[in-house]
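Every number in this text was worked out from the coordinates using simple rules, so none of it is lab data. Quick caveat: nothing in here was measured; it's all calculated off a predicted structure. So basically every Cβ, Gly included, is an ideal-geometry build from the backbone, and we count neighbours across all protein chains shown.
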């Protein structure tokens, strides 16, 4: 668990205890509760630090995504160059009528390749050569049925929950 997460738990527990102790005085006044939490704990500062850390992590992630894309493109260029050189060596060996060449770093051999099907127009291929797609669960229809109180064996509707929405930053 990170220090930020640990600190949030500690501060959250402190705020919870504080609010439990003063709930009789403040009732359901959210502004008063926020003022009490802000004045008596470091929860707001800790949450601010947590959001700052999330922003830094988002920036790191974006930078890594850019670097991954750049490295992936570089990898593709190297693979394409490798394939072109291999094809050129193959043509040179064929032209020289060399079926096998032993070098100090490798042994090269020209070998026959089995024939393969090349598709020129997929739309013209008869249906007997097509496979039916595997069934796929329609999650939206399932959710709609469960929300409509329909009993669906093997599925239930969760209780939902809450999530944190962060705008800006």
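With the contact rule set at Cα under 8 Å and sequence spacing of 6 or more, what percent relative contact order holds for the chain? Can you show the working numbers first?
Working: 51 pairs, mean separation 20.7, N = 169.
Dividing the mean separation by the residue count of the chain yields 12 percent.
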Compute the acute angle (0 to 90°) between the alpha-carbon long axis of helix 3-26 and the principal axis of greatest extent of the alpha-carbon atoms of the chain; round to the nearest 10°. 30 degrees
Pick out which of 151, 96, 14 has the largest mean-square fluctuation in a Gaussian network model of the chain, springs linking Cα atoms closer than 10 Å. 151
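Using only helices, what value at 222 nm comes out for the chain when you add -39,500 (n - 2.57) per DSSP H run of length 4 or more and divide by the total residues, to the nearest 500 deg cm²/dmol?
Numbers: 4 runs with 97 residues, N = 169.
The per-residue figure over the chain is -20500 deg cm²/dmol.
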Using alpha carbons only, how many degrees (0 to 90, rounded to 10) separate the axis of helix 43-95 from the longest principal axis of the chain? 0 degrees
Of 119, 110, 66, which is the most mobile in a GNM of the chain whose springs link Cα atoms less than 10 angstrom apart? 119
Among 18, 142, 108, which one shows the biggest mean-square fluctuation in a GNM of the chain, springs joining Cα atoms closer than 10 Å? 142
Note the angle between two axes, namely the Cα long axis of helix 30-40 and the longest principal axis of the Cα atoms of the chain, as a number of degrees from 0 to 90, rounded to the nearest 10. 90 degrees
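Between residue 51 and residue 73, take the C-beta separation as r, use R0 = 41 Å, and let me know the FRET efficiency to the nearest 0.05. Walk me through the numbers before you get to the answer.
Numbers: r = 33 Å, r/R0 = 0.81.
The pair residue 51/residue 73 has a calculated efficiency of 0.75.
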Inter-label distance for residue 124 and residue 83, nm, one decimal - labels placed 7 Å from Cα along Cα-to-Cβ: 2.5 nm
If each residue of separation counts as 0.36 nm, what is the full-extension length gain between residue 103 and residue 136 once their alpha-carbon separation is subtracted? 6.6 nm
(1) 25; (2) 43; (3) 73, with the label sought being that of the calculated percent of Cα pairs over 25 Å apart: (3)
